[in-house]
1. Would you point out which residue out of Asp38, Asp50 is within 20 Å of the chain's Cα centre (by Cα) and of a type outside the set (Gly, Ala, Ser)?
2. Only residues that are surrounded by fewer than 17 Cβ atoms within 10 Å (Cβ to Cβ), assigned to a loop (DSSP other than H, G, I, E, B) and modelled with pLDDT of 90 or more: list them for the range 42-60, please.
3. Taking Ala115 as meeting all but one of (1) hydrophobic (A, V, I, L, M, F, W, C); (2) in contact with a Pro (Cβ under 9 Å, 6 or more places away or on another chain); (3) loosely packed, with under 13 Cβ neighbours inside 10 Å, write down the number of the exception.
4. What are the pairs, 6+ residues apart or on separate chains, where a residue within the range 1-29 that is under 17 Å from Thr208 (Cβ atoms) has its Cβ under 8 Å from a residue that is at pLDDT below 95 and of a type in the set (A, V, I, L, M, F, W, C)?
5. Check every one of the strands (runs of 3 or more DSSP E) wholly within the range 121-221 and list those with 3 or more residues that are under 25 Å from Gly84 (Cβ atoms) and polar (S, T, N, Q).
6. Do we have any residue at all in the range 154-175 that's touching a His at 6+ places or on another chain (Cβ under 7 Å), closer than 20 Å to Val12 by Cβ and basic (Lys, Arg)?
7. For Leu176, which of the numbered conditions (1) farther than 21 Å from Glu77 by Cα; (2) under 17 Å from the mean Cα position of the chain (by Cα) fails to hold?
8. Which residue out of Thr85, Thr9 is buried (at least 24 other Cβ atoms within 10 Å of the Cβ) and either under 15 Å from the mean Cα position of the chain (by Cα) or of a type outside the set (Val, Ile, Thr) (or both)?
Amino acid sequence: MKLTVIAATGGVGRAVLVQALEAGHDVTAVVRNPSELDRKAPAVAVDLADPVTESLVAAVAGADAVLSCLGPRARVETGIVAPGTARIIAAMQAAGTRRLLTVSGIGLTTVPTEARPRPPRREPGAGPFMNYVTLPIARAVIGTHMSDVAAMEELLAGSGLDWTAVRPPRLTDGPLTGVYQVAYGTSLPLALKISRADVAHAMLAAVTDPRASRTHITTAY
């Protein structure tokens, strides 16, 4: 397949790039600084804080799928996900590219958004520990980031694209195992952690999975 990996120098992005190349896919990496890539691949320098550029449109044109691993590396970057994804969507619409997968996060059904100002109080599919312990702590610690990612998912839903939002819990630097749970359109009873390598594996598997089309998937051990 021809794949475009956005934010390919981040934790999940690096893993997606490595696994896609090892699987023999034709991969283009979209990054702010191509010199930070640790795998040789065609690269396009794009800053998603800037308006949509011809370079970004060209990078996604003809791709069988675009995999966005966009996310903040530090607290100062919080708030980049929804605006950056809006630019990715615009570029894909201009190029006529349809399949988009993004890294999202757990618990977003309970996060207020512009279109859903009064969300459910409990995350569907999540067990008591997640609903009463894990998610309240997450909202207290990274609530601004969760709001940004929830807004991103609303953009996906209104984009007209064939999208998938991959919702992982706490990310680790553990190895690729290929052994994890996946829930389609709902959460998992006890989604606590997963390695970045396995999130990448789940994203690549979801590219051609019809069950993952136009919905979110939760993945965890």
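The values are calculated or read from the model by the stated rules, or taken from the named source; none is laboratory data. What you see is a predicted model, and the numbers here were worked out from it, not measured in a lab. No Cβ is skipped: glycine too gets one built from the backbone with ideal geometry, and neighbour counts run over all protein chains shown.
1. Selected residue: Asp50, the only one of Asp38, Asp50 that is within 20 Å of the chain's Cα centre (by Cα) and of a type outside the set (Gly, Ala, Ser).
2. Pro42, Asp47 - these are the residues of the range 42-60 that are surrounded by fewer than 17 Cβ atoms within 10 Å (Cβ to Cβ), assigned to a loop (DSSP other than H, G, I, E, B) and modelled with pLDDT of 90 or more.
3. (2)
4. Filtered contacts from the range 1-29: Val27/Ala41.
5. So the answer is 215-220.
6. Yes, the range 154-175 contains at least one residue that is touching a His at 6+ places or on another chain (Cβ under 7 Å), closer than 20 Å to Val12 by Cβ and basic (Lys, Arg).
7. Answer for Leu176: the failing condition is (2).
8. Only one candidate qualifies: Thr85.
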